[in-house]
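Read the structure below first, then the notes.
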Amino acid sequence: MSLPIAPKLTQIPSGKTASKLLKKKANEFLACTRATTALEEILEYYKECLARKAPITPCLLTLEYLFTQLFLRADIRPADLNAQPTYVPSAKDPQANHRQWLLAQYQETCGLVVDGMQHEKESEACQALATAMKLLAVQCAQQPEVDRFPAAGLKQILTAMLSSQCLNKHLFNRFLEYSSHLDVIFYCWKTVPSLITRSGPPPTDVFKHNFLLLLDAIMFGKEKLKETDSVFCVSLGNSVFDYAAIRKQINRTWGFVMNWEHSEAVHEQLLILLLEKVFVHLDKPVLLTDFLMDSLDVGGTVSVLALQGVFVLIQQHNLTYPNIYEKLYSMFEPEIFHTKFKARLFYLADIFLSSSHLPEGLVAAFVKRLARLALIAPPQDIVIILRFVGNLILRHPALKRLIFHPTGGEASSDPYVMEERDPMKSKALESSLWELAALQNHVLPSVASAARFISNPLPSVEWDLSEVLEINENDIFHKEIVSKTKEFFVNIDRPTGMFGYCGGQMASQYWKLF
């Protein structure tokens, strides 16, 4: 019984039938490796599955089993693979010819398995990645005396993941299973710089996304260096893990990445990776100053992430940036409440404004801007703003004049200039916090209660912002649902319709839909 080489749709066997047939052919070949027809049929069937975009998992598992057995039986020797990468037949030695043929079939199979990583179905592509990595592992296991990692095979796998047309997030998520090992990290970083094209057209945004996902997958913390037994297939020997060499590669790679032109999405992904994993490995983080300063002007989430980078440079590397407060002031726009990094902005702003030696006019400008934004902010963000404003007033008692002016009086308009970009020129000290007084009549009791702090004696300690930074609308809704109410509104007369006149009530007379 032979495998269908180019079957019609009605002749394609089911998954279980195909698996049994493939396994039978694999055992036939292992029983007599000189009968090459069985292996050729398996490979041809796999190629057909790739061409038809059919499921390839049965073929992958069969090929993985077959070549694992060939390595274990020493029919294929990794030393020969390293020394003779191509099939060159010789009439004098048939046994050498057969061994070279097996090596050539293994190399072709590795290429086909890597091609399977481009399968349109994510589960099939991930299985191709798993098979490719297992073949590398079994190849390493059979050459302990050489102690050589198959870097060429690893580079082939990484190149396939770095597609310029398809975002391979699913592959990198699966690759995390292997990049947790020191030897994979070590040889990945030795390979990564060679994956960047330095000539020709600039890389596409998809390639940049994939490349950053790769860096994220192989980036490590310094505590990882202590896990000397965490290896995938090759011991790193007496050197354990040459961190100095890898750090040099990280700095070199990051230098190339920084020179790319970034779309907003790539820019955001780049900054997240920089802040979370790359900073600790850079030799001269201060060289990022210009990049971060330019990122502050982009706006949105990019500016918030860049602000955190500037904060790290100020805190850890003594960077001096005189206009940082103007930049921070300009970030508080209505759009910030609809980004996923708004909590990070409030956290950083709280740190920047923590000093009690800041000019009162500067802090007053932040207080007024936040109070004005509270009028249009979502309810969960209003609570954050109210707590933040309260803390600023506690740090700067002179700002109580915004609540209780010493001379009193009235004004026909608010002197505060919301459009002014320089906080010191916004005339905030001449204004008042009428916005917070208006919020005391908010429809939500939690917001109205939080706004009443200006009418009561101020507390002696600041509010803990961490308690409210992660509050969302679901939390507020749940709180209102479970709260106990002493008074309930009931309807005495049964309504006859949604908007109909009920009894002698005057509700329908005064309440209209439009």
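Observations on the structure shown:
- When the stretch 197-216 is filtered for residues that are within 21 Å of the chain's Cα centre (by Cα) and open to solvent by 10 Å² or more (accessible area, probe 1.4 Å), the ones remaining, listed by number, are P203, T204, D205, V206, F207, K208, H209, L213, D216.
- Tabulated pairs, the stretch 26-37, first among the small types (G, A, S), second open to solvent by less than 20 Å² (accessible area, probe 1.4 Å), C-beta under 6 angstrom, 6+ apart or interchain: A26/T62; A26/L66
- For the stretch 301-321, a residue qualifies if it is under 19 Å from the mean Cα position of the chain (by Cα) and either without any contact (Cβ under 8 Å) to a residue 12 or more places away in the chain or open to solvent by 40 Å² or more (accessible area, probe 1.4 Å) (or both), and exactly one does: Q308.
- For N259: the one exception among (1) open to solvent by less than 50 Å² (accessible area, probe 1.4 Å); (2) out of contact with any helix residue (DSSP H, G or I) (no Cβ under 6 Å at 6 or more places or on another chain): (1)
- Across the stretch 76-98, a minimum of one residue is classified as in a loop (DSSP other than H, G, I, E, B), surrounded by 11 or more Cβ atoms within 10 Å (Cβ to Cβ), out of contact with any helix residue (DSSP H, G or I) (no Cβ under 8 Å at 6 or more places or on another chain) and at pLDDT below 65.
- Of all residue pairs spaced 6 or more apart or on separate chains, those with beta-carbon atoms under 6 Å, a first member in the stretch 110-126 that is under 15 Å from S163 (Cβ atoms) and open to solvent by 20 Å² or more (accessible area, probe 1.4 Å) and a second member that is at pLDDT below 95 and part of a loop (DSSP other than H, G, I, E, B) are E120/K53.
- Looking only at residues of the stretch 157-195 that are in contact (Cβ under 8 Å) with a residue 60 or more places away in the chain and over 21 Å from the mean Cα position of the chain (by Cα), we find that the one that is surrounded by the fewest Cβ atoms within 10 Å (Cβ to Cβ) is P193.
- If only residues of the stretch 27-69 that are crowded, with 16+ Cβ neighbours inside 10 Å and polar (S, T, N, Q) are counted, the one that is farthest from the chain's Cα centre (by Cα) is T33.
- For the stretch 438-482, a residue qualifies if it is of a type in the set (S, T, Y) and not in a loop (DSSP other than H, G, I, E, B), and the qualifying residues are S446, S449, S455, S466.
- Positions within the stretch 1-44 being over 30 Å from A96 (Cβ atoms) and either in a helix (DSSP H, G or I) or modelled with pLDDT of 75 or more (or both), in sequence order: L9, T10, Q11, G15, K16, T17, A18, S19, K20, L21
- Within the stretch 271-300, the set of residues being under 17 Å from L215 (Cα atoms), surrounded by fewer than 18 Cβ atoms within 10 Å (Cβ to Cβ) and not hydrophobic (A, V, I, L, M, F, W, C) comprises E276, K277.
- Residue check, Q380 part of a helix (DSSP H, G or I) and closer than 27 Å to G255 by Cα: no
- The condition of being in contact (Cβ under 8 Å) with a residue 60 or more places away in the chain and open to solvent by 50 Å² or more (accessible area, probe 1.4 Å) holds for R387.
- Subset of the stretch 331-344 [part of a helix (DSSP H, G or I) and either of a type in the set (K, R) or surrounded by fewer than 17 Cβ atoms within 10 Å (Cβ to Cβ) (or both)]: P334, E335, H338, K342, R344
- Enumeration of residues in the stretch 357-377 that are in a helix (DSSP H, G or I) and of a type in the set (G, A, S): G361, A364, A365, A371, A374
- Wholly enclosed helices (runs of 4 or more DSSP H) of the stretch 163-263 bearing at least 2 residues closer than 30 Å to S123 by Cα: 169-175, 182-191, 205-218
- Selection within the stretch 441-461 - under 18 Å from F477 (Cα atoms), surrounded by 10 or more Cβ atoms within 10 Å (Cβ to Cβ) and of a type outside the set (S, T, N, Q): H442, L444, P445, V447, A448, A450
Quick grid of which residues meet (1) among the β-branched types (V, I, T); (2) in contact with a strand residue (DSSP E or B) (Cβ under 9 Å, 6 or more places away or on another chain); (3) surrounded by 13 or more Cβ atoms within 10 Å (Cβ to Cβ); (4) assigned to a helix (DSSP H, G or I):
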residue: F346; (1), (2), (3), (4): no, no, yes, yes
residue: S354; (1), (2), (3), (4): no, no, no, no
residue: I393; (1), (2), (3), (4): yes, no, yes, yes
residue: A398; (1), (2), (3), (4): no, no, no, yes
residue: M418; (1), (2), (3), (4): no, no, no, no
residue: L436; (1), (2), (3), (4): no, no, yes, yes
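- Among (1) within 30 Å of D475 (Cβ to Cβ); (2) out of contact with any helix residue (DSSP H, G or I) (no Cβ under 7 Å at 6 or more places or on another chain); (3) among the acidic types (D, E), the one test that E435 misses: (2)
The values are calculated or read from the model by the stated rules, or taken from the named source; none is laboratory data. Computed from a prediction, not measured in an experiment: that's the story for all the values here. Cβ atoms come from the backbone with ideal geometry, glycine included; neighbour counts cover every protein chain shown. Protein only, heavy atoms only, side chains kept; ligands, DNA and RNA dropped before computing areas. Shrake-Rupley method; radii C 1.70, N 1.55, O 1.52, S 1.80 Å.
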